[in-house]
Structure formats: C-alpha cells, structure tokens
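All remarks here apply to the structure that follows.
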Amino acid sequence: MSVDQPLFEAIRHFLQKTASEHEKTLVQNWYHSMKKRYPDHDYDWQLMPCTKKRSGIPAMHVPNSTLRTNGTRAHTVSVAALPDGIAIDGRAPDTAYLLYARVAVFLAREEMLQMQYQTSLLLSFSSAIGSVRNQEELLHEINKMLKTVIGFNHTVIGITNDDDTISAFLLDPATGSFNHPEYKEAITFKYASGDGVIEHVIASAMPVVFDLDVLSKAIPLPLYLRVNYETGIRQAVMAKFCKGGQVCGIWLLLFEQQQEIPESTLHFIAGLANQLSIAVSNIVANNKINDQLIEINNYKQQLEDEKLYLQQEIDTNHNYTEIVGDSMSMKRIYHLIETVAPSHSTVLILGETGTGKELIARAIHNNSPRKNKLMVKVNCAALPANLVESELFGHERGSFTGATERRVGKFELANEGTLFLDEIGEMPPDMQVKLLRVLQEREIERIGGKGTIKVNVRIIAATNRDLEEEVAAGRFRRDLYYRLNIFPISLPALRERSEDIPLLAAYFVNRFAREAGKKMDGLSNKVLQDLCNYSWPGNIRELEHLIERSVLLTKGTMLKNVYLPVTQAVAAGSADFAPEEIKTISDAERDHIFKVLKYCNGRVGGKKGAADLLGIPSSTLFSKMKKLGIRRDIIQVGK
C-alpha cells in the first residue's frame, strides 16, 4: 500500500488492524457525517503532505479530502478543520490530528511490509530462475511469479549482439501480436541500440515507463513497439540488463491499460532485471554448449558415415589409379578434365555403358579443390523410386514406416565435396523436380525434418542415354537438363579408339596377374589381333572382364587365347566390316607392329619390349620392320 492510496481504503485497513475502539467510533461517526452532509458526492480521499505542527506533536502526513462531483468540480477542505468530523468529543483538532497521524504511521508500516514482501519475492525469484536452462523455463517462472504482482500482459527479452544491435531472445506466447502482418519481421529484426527508445533506457539508471499514446505522437515508434501498440498495448516499462558494466540486454514489460507505476515498483523491477541478466547469460552459455555438442555429434556421425562409405567403396573394387589411353580422342578428354577440374562447375558425362564415366568423374574430383573431401556416388538406376529421396536427402527417425533411426543423405554426406549421380537419366520425374530445387537453392530438407540444411556440393552427373531425346520424349525435365549440361564430356566407345586396346589389354593383364599371384609376360600377337578386331559392345568393362577370365584360365606366362563371345566374333568378322575396311595381310601386320612399338615407346628387345609382347625373337621383329618400312625414330618422334 502506498501513500497516494485513497484515504477511505486506508481508514478501512486502519479500523480492521490498528485502531482502538474509541478511534474506530470516532472515524466511523466522522465518515457517516460526511456522507450525510454531501450525499450526492463521490469521494476521492487522498493523503496530502502538511508542515503544520499541533500541540507539539510532529506532523507526519495529514489527510485532506477532495470532494468530486461528477468529475466537473472539486472542493478541498482540511479534515482537521471539519467541525462535523470532530464534534463527537471536546478535543476536536487534537483528536483529529492524532487520529490521522496514526493513520499515516499505519501507511508507512504498510509500505515497509510491501518492501519486505518484494525483497522476499526477489529472493524467491532468484532461487527459481537459478536452475532454468532454456527460454521456456525462464518464461514460465516470470509469468508464474511476477505477472500478477506487477500486472503486465506479456513480456519480451532482447539480448545484445556482437555488433551492438538488439535481437529477440525470449518471446511470450501470450502476446496478441501474432496476427500482425509485421510480427515475423519484428521478432527476427536486429534493432539498433540508438533508436531513441533503447538508447534512453540504456542511459537511465532506473527502468523507464513509456506512455505509447504520447510516444507515438512524438516519434515514429520502433517496429517492436509499433507492432504491440497496433494490437492493443498502451504502456511499456523497459529495463536494461548489465554484465560487467556492459549492457547485455533489454527487458520489456507491456501493459494494455495505463497504470500508475510507483517508484518502489520501479526499484523492484530494477532488482528483478539484475537477477534476470544472470539467468539470461547462463541460458546463452548453455545454448552455446548445446550447439557445440550437437555440432560435435554431427561431425562424429559424419565421420562414421564417411568411414562406412569409404569401406563400401573399397569393397566394390573400384580402385582405378589412372586412365589408360593415348589416342587422339582420349587426349581431348584429358584436356577437358584439366580445364573443368579446378572449377566448381557441374559436369555432365555422356557415353555408352562401360566407357569409364565414373573413372572420369573421379579424375575430375581428384584434380579439383575438393580432392580432400569425399566423392559420394549414387546410382540412380539401382534405387527403388520410393527410396531415392531418402537416399539423396536423408530422413529423420520415425518419418515413415521402417525409419528406425536418423539417416544422413548423400547430399549431406558429400557436403564440401563431390556428388556423382550415375545414370541420371533413370531418375523418376518427381525426383527430378526436387533435385532441380536443390541445385538451385543449395539446400536440402530431410524427410520428416523441421528445417532446411545448407549444402555446398559439386555435382557430376553421368548417363548412357541421349538426354536430348529423353527431353523431347517428355521423360526428362528440360530445365534440369539445362542445369546439368553446363560442361558436357562425351566419352568415345572403345571401338572408336581401337588404338588404345593394346594398352588397355596390357594394363589389365598386369593387374589381374598380380591379383592372381601369377607371372605374365604379355599377350600373343594372335590375342592382340583378336582384341582389335572385336566390336566391344560392352566397351572397357567388357574388355576388363574378358582379360580377367583369360588370365585365370591361362597356364603359362603368355596370354595366347582370349575367350570372345562366338556370335560377336563372327559378327566382328563379317557384318561389322565394310569392304573399304578390309586390309591386306601385310598392311594389317604393319599396323599391328606399329601399335605395339608405340605402346613400348619404340623399344624392340628386352623384357616388356615389342618382340617380347609379340612372342617373337627381336631379330625376327627387326627383319619384319625393315621389310614393312617401320622406323623406330619415326615412332618415337610421333609419340
């Protein structure tokens, strides 16, 4: 109870708690006589300060009564001077004075009790918020312990950012501003500390009371106040948070009705703000720790996923260490790889099945700035349509039947690295739309997830289909095709680079002989001739598997037989050859010796020389070279 409380309430408390029977009778008679004298008046009793002394008794507070009539006129009279109020006994002035001095003492005691209550509440509040760990718990304690006492409708807490702006930290769902069109902007905006309002609060030692009706006419209201003002808030009390002498936040109390905020209540709010500043600092620190733990767990999970993926890659036996080929068509491919690898551009690799599209993708990745990160492979043709989205973007636990744990998608796994989308032409149309969005926005959303995840991934796509025909047929999105076709690389079929067949055959013989624990010296002339004459519909992959089978079946150190498919071999000897492609035996022998010499860098004799690979003595090879007009210096210069 404060000293500006209506006198009648003070008298009522006085009669109930402290007055003697004589004093009670005196005050009651006086009050009823006033009501009888002014029956039509409404009374607004107030305690007024007085410097008079009477009968040697110090004057503390002497009440005057202000008699108001319908709010139009007022009469102010001294209670001590009212004969109707003091004629009950013969000691009118002194008795009245002593009585109201006693009332003033009672009011002072009530103020002291209120201060004790606020101190007790402050200690209880400090204890309650000492254990909170997040914004929701803090808001619960504020509303439970302070909302009724102070009388605010809802509250907001803002914290200071590194750039000295203020942003929302705690929002009260009791606000009526949710439907305001600028609410989302208001709660996400960073407010300058020099906006005229916050600046005034920071400069003030005490909390500041703002009459929003008055303030809105004086200055344009800041967004956080304007949104509340336009949804019914008429008064605001703002207090600052300090830590180590620095302002670290603002506490905003909002009222729908104008209220008289006594100075004692402002002191109380200031004390609460000091306690809240500690709780807010603890929550901020706790949030940072939680974020760091989440980040550590994410890194741990990512390392585990990468380890599992790399182990799977090792198990799939795709350990190519180099690209084999020295033909002009392959030299063009090397040039394209060197050109695009240092960039972050999307690459589209086109070619028949088995032409080495994944190997080219790995070469691009290994020569790019992302080479120290993963290159993650996804075979779009091998995944069921209902699992493609989960494989690419991941899912949360319980997001669908069978999702027993959280799964990191390939995009997230390849973050900062490369994602190789093999057989992109087989991707279902509905997934093409989602892939296009990811390529445009550079963000993904897990199935069942609550938010988006930014990713930085280089895309390398590959297909054995003619995507332009697929687009024309409506099976592939035109906009996705344009997004992928930034830097296309078309790989030649093996039959179009037949001069590389001896090199590839020798490479595969050495590799599979080493894996099988055999000693192999090379391929016979007959084998090389058969390999060069075959059409290779399965391209390099078919050659690889054929050589592996032949090495396993070979008993000696020279590969003298290969097991070509019979139907293909017949076709290779008939229908696949046009009349103009038929050569004489001498021309065919010359071309074959030339290719082998080129493979051996012009070396004729010794181990791994041309004669050794052809299975003939070096003297015989020299004779044939002389007869056919083959010169080693031309071969070496041509290299």
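Residues of region 422-441 being part of a loop (DSSP other than H, G, I, E, B) and either open to solvent by 20 Å² or more (accessible area, probe 1.4 Å) or free of Cβ contacts under 8 Å to residues at least 24 places away in the same chain (or both), which ones?
Residues satisfying the conditions are Glu423, Pro428.
For region 216-242, which residues satisfy the criterion of being basic (Lys, Arg) and either out of contact with any Gly (no Cβ under 8 Å at 6 or more places or on another chain) or within 20 Å of Glu185 (Cα to Cα) (or both)?
Matches in region 216-242: Lys217, Arg226, Arg234.
Report yes if Ile444 is buried (at least 16 other Cβ atoms within 10 Å of the Cβ), modelled with pLDDT under 90, under 27 Å from Pro369 (Cβ atoms) and not polar (S, T, N, Q), otherwise no.
Yes; evaluated as a whole, the condition is true for this residue.
Tell me which residues, restricted to region 212-267, are open to solvent by 30 Å² or more (accessible area, probe 1.4 Å), more than 20 Å from Gly151 (Cβ to Cβ) and either at pLDDT below 90 or touching a Ser or Thr at 6+ places or on another chain (Cβ under 9 Å) (or both).
Arg226, Glu230, Lys240, Cys242, Lys243, Gly244, Gly245, Gln246, Val247, Cys248, listed by residue number.
Would region 396-411 turn up any residue that is in contact (Cβ under 8 Å) with a residue 12 or more places away in the chain, assigned to a helix (DSSP H, G or I) and open to solvent by less than 80 Å² (accessible area, probe 1.4 Å)?
yes
Scan region 525-543 residue by residue and report those that are within 11 Å of Ala505 (Cα to Cα) and open to solvent by less than 20 Å² (accessible area, probe 1.4 Å).
Result: Val527, Leu528, Leu531, Leu543.
Out of everything in region 268-286 that is more than 16 Å from Ser131 (Cβ to Cβ) and of a type in the set (S, T, N, Q), what residue ends up being most open to solvent (accessible area, probe 1.4 Å)?
Restricting to residues being more than 16 Å from Ser131 (Cβ to Cβ) and of a type in the set (S, T, N, Q), the top hit is Asn274.
Please find, among Gln246, Gln258, the residue that is assigned by the TED database to the domain that holds Ile198, among the polar types (S, T, N, Q) and over 32 Å from the mean Cα position of the chain (by Cα).
Going through Gln246, Gln258 in turn, the sole match is Gln258.
Name the residues in region 146-164 that are open to solvent by 40 Å² or more (accessible area, probe 1.4 Å) and more than 33 Å from the chain's Cα centre (by Cα), would you?
Result: Lys147, Thr148, Val149, Asn153.
If you go through region 153-165 one residue at a time, how many are touching a Lys or Arg at 6+ places or on another chain (Cβ under 7 Å) and of a type in the set (Val, Ile, Thr)?
Of the residues in that region, 1 qualify.
The rows are residues; the columns are (1) modelled with pLDDT under 80; (2) assigned to a strand (DSSP E or B).
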{"site": "Thr95", "(1), (2)": "yes, no"}
{"site": "Met112", "(1), (2)": "yes, no"}
{"site": "Met145", "(1), (2)": "no, no"}
{"site": "Asp162", "(1), (2)": "no, no"}
{"site": "Phe169", "(1), (2)": "no, yes"}
{"site": "Ala174", "(1), (2)": "no, no"}
{"site": "Asn179", "(1), (2)": "no, no"}
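Let me confirm something: among Gly606, Gly602, which residue is out of contact with any helix residue (DSSP H, G or I) (no Cβ under 6 Å at 6 or more places or on another chain) and either part of a loop (DSSP other than H, G, I, E, B) or of a type in the set (Phe, Trp, Tyr) (or both)?
Every option except Gly606 fails the conditions.
I'd like to know if region 189-211 contains one or more residues that are within 25 Å of the chain's Cα centre (by Cα), of a type outside the set (Lys, Arg) and not in a strand (DSSP E or B).
Yes, region 189-211 has at least one match.
How do the pairs read when you match residues in region 349-364 that are open to solvent by 30 Å² or more (accessible area, probe 1.4 Å) with residues anywhere that are among the polar types (S, T, N, Q), using Cβ under 8 Å and keeping only pairs 6 or more apart or on different chains?
Listed by first residue and then by second, the contacts come to Leu350/Thr463; Leu350/Asn464; Leu350/Ser490; Glu352/Asn464; Glu352/Asn539; Thr353/Asn464; Thr353/Asn539.
The values are calculated or read from the model by the stated rules, or taken from the named source; none is laboratory data. Because the structure is a prediction, the values reported are computed rather than measured. As a convention, Cβ positions derive from the backbone with ideal geometry for all residues, glycine included, and neighbour counts pool all protein chains shown. Remember, those area values only see protein heavy atoms, side chains included, never the ligands or the DNA or RNA. Shrake-Rupley method; radii C 1.70, N 1.55, O 1.52, S 1.80 Å.
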